[in-house]
Amino acid sequence: MQNTNLKKTATCLAIASLSLLMPALARAANDTKEVERMQQSGQVIKELTDSASGVPLDILGKSKCVIVLPSVKKAAFVVGGSYGRGVMTCRSGPDFTGTWSAPSLMQSKGGSFGFQIGGQSTDFVILVMNDKGARALLNGKVKLGGDASIAAGPVGRTAEASTNAVMTAEMLSYSRSQGVFAGLSLSGSSLGPDNEANAALYGKNLTAEDIIVKHEVTRPESAKLLVDTLAAKVPQNVSEKQ
C-alpha cells in the first residue's frame, strides 16, 4: 500500500511539473519565426554598420529609434506591393537619448517602391530622427510620407545629410538588395507594431510602449546582436539638443 501511495504521489508531481512546463514549451515552439526575425535584423544592422558604403555613423548616432525589416518581399510589374516584418529598438528615456531598449516587433505594408520587374527580397533599415516620429510609431500604425515624413538616407562613411529633405525628415530609410546598400524612400507604406508577434516572443500581450518605454520585459537573447551592435557603434546619442 505504501509503495502504491508513493507511486501515486510521484505521478501527481510529474503531472504538476509538466503542466508548469507546458506554457514555456508552447511559447518556445510558437516564437521560432520571431526569434529568427530578431536574429536576421541583428545581422542586417551589423552588416550595415560594418560596410564602408552603409549608413554614416554620425547620422545613426542622432537617431532616436532604429527599425529593421529583413527580407521584405515585393513583386510587381510597374505597379506592385510589399509586405515585411521586422523589429524596432529605441533609446530609453523621455527624450529617447539613453541606452538601446529591448526591441518591439514591427510590420510594414505598402505600395510599389519605384519601377520594378519580377520579384525581389530586400532588407530595409529606417532611422527615426526625432521624438515626434518615435512616439507616433509607439502609439500605432503610421503612414510613411503622410503621418510622418521620410526621405532616402545618405550612404557612405563620409556622406553628409546636406539636403533640406534629409535634414528635416522625421525618418531616413535605407535598403539593401544583393549586398548593395542604398538610400530609398518608403513613402506610401504603413508601419506599426506587430502585437501578435510580440505576444509570441515575450509570452504575454504587450504594446510597443510597454516594451520600449515602460521596460516591462528584458531584452531576449535573440536580440543580443542587434542591441549590442548599436551599443558598440553608437553608444551615446549625439542629437543636436545634447
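Here are the numbers for the structure shown:
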| quantity | calculated |
| --- | --- |
| The stretch 229-242: number of residues that are touching a residue at least 60 places away in the same chain (Cβ under 8 Å) and not in a loop (DSSP other than H, G, I, E, B) | 4 |
| Near pairs, Cβ below 7 angstrom, 6+ apart or cross-chain, from the stretch 56-77 (outside the structural domain of P103 (by TED's automatic domain parsing) and of a type in the set (V, I, T)) to any residue that is surrounded by fewer than 20 Cβ atoms within 10 Å (Cβ to Cβ) and at pLDDT below 95 | none |
| Criterion: modelled with pLDDT of 85 or more and over 15 Å from the mean Cα position of the chain (by Cα) - qualifying residue of A169, A134 | A169 |
| Residues (farther than 12 Å from P103 by Cβ and either of a type in the set (A, V, I, L, M) or free of Cβ contacts under 8 Å to residues at least 12 places away in the same chain (or both)) located in the stretch 192-201 | E196, A199, A200 |
| Every pair of residues 6+ apart whose Cβ atoms lie under 8 Å, when the first sits in the stretch 202-224 and is at positive phi while the second is part of a loop (DSSP other than H, G, I, E, B) and of a type in the set (G, A, S) | H215/S92; H215/S101; H215/A102 |
| Residue within the stretch 112-127 that is at pLDDT below 85 and either buried (at least 21 other Cβ atoms within 10 Å of the Cβ) or of a type in the set (F, W, Y) (or both) present | yes |
| Any hit, the stretch 8-26, residues being in a helix (DSSP H, G or I) and either surrounded by 13 or more Cβ atoms within 10 Å (Cβ to Cβ) or at pLDDT 50 or above (or both) | yes |
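The values are calculated or read from the model by the stated rules, or taken from the named source; none is laboratory data. Keep in mind that this is a model prediction, so the values were computed, not measured. Neighbour counts are summed over all protein chains in view; Cβ atoms, including those assigned to glycine, are modelled from backbone coordinates with ideal geometry.
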